[in-house]
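Working notes, structure below.
The values are calculated or read from the model by the stated rules, or taken from the named source; none is laboratory data. Computed from a predicted model, the values in this text were never measured in an experiment. Quick reminder, even Gly has a Cβ in these numbers, built from the backbone with ideal geometry, and neighbours come from all protein chains shown. Quick note on the areas: whole protein, heavy atoms, side chains included, nothing else; ligands and nucleic acids left out. Shrake-Rupley method; radii C 1.70, N 1.55, O 1.52, S 1.80 Å.
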Amino acid sequence: MPTPPATTRQTLSLQQDTANWHLALAAAVRDPDELVDLLGLGDDYREPARRAARLFPLLVPRNYLERIEPGNPRDPLLLQVLPLAAEETVVDGFSADAVGDAQAHRSPGLLQKYTGRALLITTGACAVHCRYCFRREFPYGEEPRTMEDWEPAFADIAADSSLHEIILSGGDPLMLTDARLAMFIERLDRIEHLRRLRIHTRLPIVLPQRVTSTLLEMITSTRLTPIVVVHANHAHELQGDCAAALRELVRGGVTVLNQAVLLRGINDTTASQAELCERLVNLGVIPYYLHQLDRVSGAAHFEVPEQTGRGIIAELRKRLPGYAVPQFVREIAGELHKTPL
Ligand SMILES: *Cc1c(COP(=O)(O)O)cnc(C)c1O
Ligand code: SF4
């Protein structure tokens, strides 16, 4: 697989132009038949993909498709985005609200589960639809829309000096326009007891055009310490302009962490996790969490036994520096932190 040449920094100075990512998003693939055609998958994939896409629509940017090997139905990137018949299977123990989000609402759009930090559901939109997503069933329609609708959440944060960190989440907060994102950041910057701004996003991975100089400036020019948590599951994702975008964030002074989800047939071997973690740290990104899959309906076929995950982590410890080994965790509804496994 090609690694970016050393000259990347000169040739790929940050995109100035925000029009670019909006265009790339508009051009993303949404039609299962087009996906099957573009990647030369067999006709057998068409009907199941159409049906499963009715449960949770297909969405994948072309930039991400370019990192998928044509004609390979087992490609680890393809399996994250291709709707399959298995999604229609009802499995005991897999439900709509797998992580207890409904109980964690403290204001419209504001979730708090853990001490000192709370999370804003800034949008329901994503640039990619990950088939295993724990929010595939999330009732986004009930969250605030206008900036005015957001005022109760800001007031709630402002009134609680135990909060030091706000996490912009979703969906994907980098789906917001720059203007809207700037409003959130500016509003939070004014709340004195906040110290850190965390952004949970998959866009630098799936739509690296989103990492513009305007964005970097916006998140590094406030009083708040910026932390960006990206979501890559496989080393093949970290190529070309994705790798360059991550480097730009790191060089711009942002602490960049990665969370991955342990996924059957995608990254459930020591070799693939070691390659992912090594490539991340080479880019200056710290592997933060490896999540045991949240048990959301339609995702049962992605589940890996916990024991396998524990074994992989034990092997990684023998091969990699301590900082390159993520914490293997699961989210248990009602617990006060993610639970180490
Ligand atoms: C995972 C999560 C966080 C972040 O937890 P950390 O352990 O700090 O990364 C915060 N709020 C909610 C609701 C979460 O699900
Ligand atoms: S980007 Fe994140 S929130 Fe969006 S579908 Fe993928 S895992 Fe879910």
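Residues of the range 226-243 that are among the hydrophobic types (A, V, I, L, M, F, W, C) and open to solvent by 10 Å² or more (accessible area, probe 1.4 Å): 227 alone. Condition check for residue 158 on (1) in contact (Cβ under 8 Å) with a residue 12 or more places away in the chain; (2) open to solvent by less than 20 Å² (accessible area, probe 1.4 Å): one failure, at (2). When the residues of the range 252-305 are filtered to those that are small (Gly, Ala, Ser) and in contact with an Asp or Glu (Cβ under 7 Å, 6 or more places away or on another chain), the one that is surrounded by the most Cβ atoms within 10 Å (Cβ to Cβ) is 298. Among the residues of this structure, residue 138 does not count as one that is within 13 Å of ligand 2 (Cβ to nearest atom), within 21 Å of residue 207 (Cβ to Cβ) and open to solvent by 50 Å² or more (accessible area, probe 1.4 Å).
With respect to residue 69, is the statement that it is more than 16 Å from ligand 1 (Cβ to nearest atom) and assigned to a helix (DSSP H, G or I) true?
Numbers: more than 16 Å from ligand 1 (Cβ to nearest atom): yes; assigned to a helix (DSSP H, G or I): no.
Against the criterion (more than 16 Å from ligand 1 (Cβ to nearest atom) and assigned to a helix (DSSP H, G or I)), residue 69 does not qualify.
Every listed requirement among (1) within 16 Å of the chain's Cα centre (by Cα); (2) open to solvent by 30 Å² or more (accessible area, probe 1.4 Å); (3) within 16 Å of ligand 1 (Cβ to nearest atom) is met by residue 164 save one, (1). Given the conditions (1) over 20 Å from residue 22 (Cβ atoms); (2) at pLDDT below 95; (3) assigned to a loop (DSSP other than H, G, I, E, B), and given that residue 163 satisfies all but one, which numbered condition is not satisfied? Evaluating residue 163 over (1) over 20 Å from residue 22 (Cβ atoms); (2) at pLDDT below 95; (3) assigned to a loop (DSSP other than H, G, I, E, B) leaves (2) as the failure.
From the list 97, 92, pick out the single residue that is open to solvent by 50 Å² or more (accessible area, probe 1.4 Å) and touching a residue at least 40 places away in the same chain (Cβ under 8 Å).
On the way: 92 fails: touching a residue at least 40 places away in the same chain (Cβ under 8 Å).
97 is the lone residue from the list that is open to solvent by 50 Å² or more (accessible area, probe 1.4 Å) and touching a residue at least 40 places away in the same chain (Cβ under 8 Å).
When each of 180, 223, 210, 196 is tested for being basic (Lys, Arg), out of contact with any Asp or Glu (no Cβ under 7 Å at 6 or more places or on another chain) and open to solvent by 10 Å² or more (accessible area, probe 1.4 Å), the lone residue that passes is 180. For the range 41-66, the set of residues classified as open to solvent by 10 Å² or more (accessible area, probe 1.4 Å), part of a helix (DSSP H, G or I) and within 22 Å of residue 293 (Cα to Cα) consists of 53, 55, listed by residue number.
The set of residues in the range 124-160 that are within 16 Å of ligand 1 (Cβ to nearest atom), modelled with pLDDT under 95 and touching a helix residue (DSSP H, G or I) at 6+ places or on another chain (Cβ under 9 Å) comprises 124, 136, 139, 143.
Rundown of residues vs (1) in contact (Cβ under 8 Å) with a residue 12 or more places away in the chain; (2) touching a Ser or Thr at 6+ places or on another chain (Cβ under 6 Å); (3) within 16 Å of ligand 2 (Cβ to nearest atom), yes/no style:
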{"site": "170", "(1), (2), (3)": "yes, yes, yes"}
{"site": "175", "(1), (2), (3)": "yes, yes, yes"}
{"site": "179", "(1), (2), (3)": "no, no, no"}
{"site": "183", "(1), (2), (3)": "yes, no, no"}
{"site": "200", "(1), (2), (3)": "yes, yes, yes"}
{"site": "203", "(1), (2), (3)": "yes, no, yes"}
{"site": "210", "(1), (2), (3)": "yes, no, yes"}
{"site": "215", "(1), (2), (3)": "yes, no, no"}
{"site": "222", "(1), (2), (3)": "yes, no, no"}
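Results for (1) surrounded by 13 or more Cβ atoms within 10 Å (Cβ to Cβ); (2) under 19 Å from the mean Cα position of the chain (by Cα); (3) within 14 Å of ligand 2 (Cβ to nearest atom), shown as yes or no for each residue.
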position	(1), (2), (3)
68	yes, yes, no
73	yes, no, no
88	yes, no, no
111	yes, yes, yes
131	yes, yes, yes
147	no, no, no
